[in-house]
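The following block contains the structure, expressed as structure tokens.
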Amino acid sequence: MSTLRTPAQLYDAGLMAPERRAELERVAARYAVALPQTLAALIDRDNPHDPIARQFMPDVAELDQRGEENADPIGDDAYSPVEGVVHRYRDRVLLKLTYVCAVYCRFCFRRETVGPNNALSREALARALDYIRGHAEIWEVILTGGDPLVLSARRLRAVMKELSGIEHVKVVRIHTRMPIADPSRVTADLVRAMKASGRATYVALHVNHARELTRAARAAIARMADAGLVLLGQSVLLAGVNDTGAALGDLMRALVECRVKPYYLHHGDLAPGTGHLRADIATGQALMRALRGRWSGLCQPSYVLDIPGGHGKSPIGPNYIERAGENGAAHYRVEDYNGRRHRYPPAD
Ligand code: SF4
């Protein structure tokens, strides 16, 4: 069995105590569970706070839905003109090709929509492509889901061919966790299918802990980098997973060593039953300051919050500059990586 999908299978694999089985059956009835053997093998069974287990093992805390949490935490629905498309920003759209993933992350912001046997139909895909064709302002298409790399190379190639045929689409971006969840799926054939002919193709890899970057995952990432795909890293700030300077720094360095440029550090969204995994924004800002002070500029992602209600992403700091003084004494105060303040003149 290559993927564990039920509490009974997790129990048989020695990943949980028997007394937890009944409560985890209730979690699994509410939210999809899938844990590939590749990730299960990474779990330190002697560590009750293992950062891999925290991300992927169901937890009874997921049944605790807080008042501020919401089934559509980043407001996809309000900006979905046709099924499978989210058109929030003028120049780009999300195209959700499938709602299936190789692994179901316990903090997923689309946890109410992802799950097995939940893909965009051929007819819906045709309507989504028609929408993109009909909107000349769309410069970038972001393939997401779910995980678009659960599709076969043949289906992915067909979608890329359609996108390559749309004159105004210049950039295609793929969001995926597949090189982490199932590196063996990232074959040379799939990598070839990921390239949209004549278009710049970016791949944003979702990785939250350096231990996810196993030897096999690094090899899969190398296959993509060697093929000329531009690789970006996106990570979610998660309590008990990467909310220390050491864990976050190790993650960013490991990504850069794999030729993946850290792009976003997402603040955790208000998805139902994920409060136990959300860190505070002040913690995230302090971690970003620690990164800036210690690690290469290549290791610096942008810390962003998707504003609930569909208002888009905003960078949330920390801020290093402020305006001070008045009239003739007006100036900027800029903070260096050691926390020391310096004066800088205004242009006027
Ligand atoms: S891979 Fe992405 S879409 Fe799938 S469960 Fe994880 S966070 Fe959600």
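The values are calculated or read from the model by the stated rules, or taken from the named source; none is laboratory data. If you're wondering where the values come from, they're calculated on a predicted model, not measured in any experiment. We place every Cβ from the backbone using ideal geometry, glycine too, and count neighbours over all the protein chains shown. Keep in mind that these areas ignore ligands, DNA and RNA; they rest on the heavy atoms of the full protein, side chains included. Shrake-Rupley method; radii C 1.70, N 1.55, O 1.52, S 1.80 Å.
At 222 nm, what value in deg cm²/dmol follows for the chain if DSSP H runs of at least 4 each add -39500 (n - 2.57) and the sum is divided by all its residues, to the nearest 500?
-8000 deg cm²/dmol
Next question. Does segment 163-211 classify as rounded, prolate or oblate by the C-alpha gyration tensor (a ≥ b ≥ c root eigenvalues; a/c under 1.5 gives rounded; else a/b over b/c gives prolate, otherwise oblate)? Present the calculation step by step, with values, prior to reporting the outcome.
Numbers: a/c = 3.99, a/b = 1.85, b/c = 2.16.
Verdict is oblate for segment 163-211.
Once the convex hull of the C-alpha atoms of segment 77-159 is built, how many Å³ does it hold per residue, rounded to a whole number?
Per-residue hull volume (Cα only) is 98 Å³.
Then there's this: Jot down the radius of gyration and Dmax of segment 182-246, Cα atoms only, both in angstrom.
When restricted to the Cα atoms of segment 182-246, Rg and Dmax are 13.6, 42 Å.
Now for a different question. Using alpha carbon centroids, what distance separates segment 24-66 and segment 74-106, in Å?
After rounding, the separation between the Cα centres reads 24 Å.
What per residue convex hull volume, in Å³, comes out for the chain when only alpha-carbon positions are used?
That works out to 160 Å³ per residue.
Using all C-alpha to C-alpha distances in segment 8-114, build P(r) with 5 Å bins and read off the rounded percent in each one.
The calculated distribution, bin by bin, is 2, 10, 19, 21, 16, 12, 10, 6, 4, 1, 0.
Additional query: Roughly how many nanometres apart are two label points built 7 Å out from the Cα toward the Cβ at ARG127 and GLU326?
6.0
Here's a follow-up. Quick one: divide the alpha-carbon radius of gyration of segment 240-341 by 2.2 N^0.38 Å and tell me what you get. Provide the component values of the computation, followed by the final result.
Working: Rg = 16.0 Å, N = 102, 2.2 N^0.38 = 12.8 Å.
With N residues counted in segment 240-341, Rg over 2.2 N^0.38 Å equals 1.25.
For ASP243, list long-range residues whose amide hydrogen, built 1.01 Å from N in the peptide plane, is under 5 Å from its own amide hydrogen.
LEU238
If you take the square roots of the eigenvalues of the alpha-carbon gyration tensor of segment 36-84 and sort them as a ≥ b ≥ c, do you get rounded (a/c under 1.5), prolate (a/b over b/c) or oblate?
Oblate is the answer for segment 36-84, as a/c is 1.5 or above yet b/c matches or exceeds a/b.
Stokes-Einstein at 10 °C, 1.306 mPa s, Kirkwood radius from Cα pairs: D for segment 176-293 in µm² s⁻¹?
Translational D for this selection: 106 µm²/s.
A follow-up question, please. Can you tell me, using C-alpha contacts under 8 Å and at least 6 residues apart, the relative contact order of the chain as a whole percent?
15
List the lysines whose Cα lies under 24 Å from the Cα of LYS195, skipping any in the same chain that are fewer than 8 positions away.
The reachable lysines, counting only those whose Cα sits under 24 Å from LYS195, are LYS96, LYS161, LYS170, LYS261.
For segment 95-241, take N as its residue count and report Rg(C-alpha) divided by 2.2 N^0.38 Å. Please list the in-between numbers first.
Numbers: Rg = 15.1 Å, N = 147, 2.2 N^0.38 = 14.7 Å.
Computed over Cα atoms of segment 95-241, the ratio equals 1.03.
So how exposed is ASP226, as accessible area in Å² (1.4 Å probe, rounded to 10)?
About 110 Å², rounded to the nearest 10.
Where the centroid of each part is defined by its Cα atoms, how far is segment 176-206 from segment 284-348 in Å?
34
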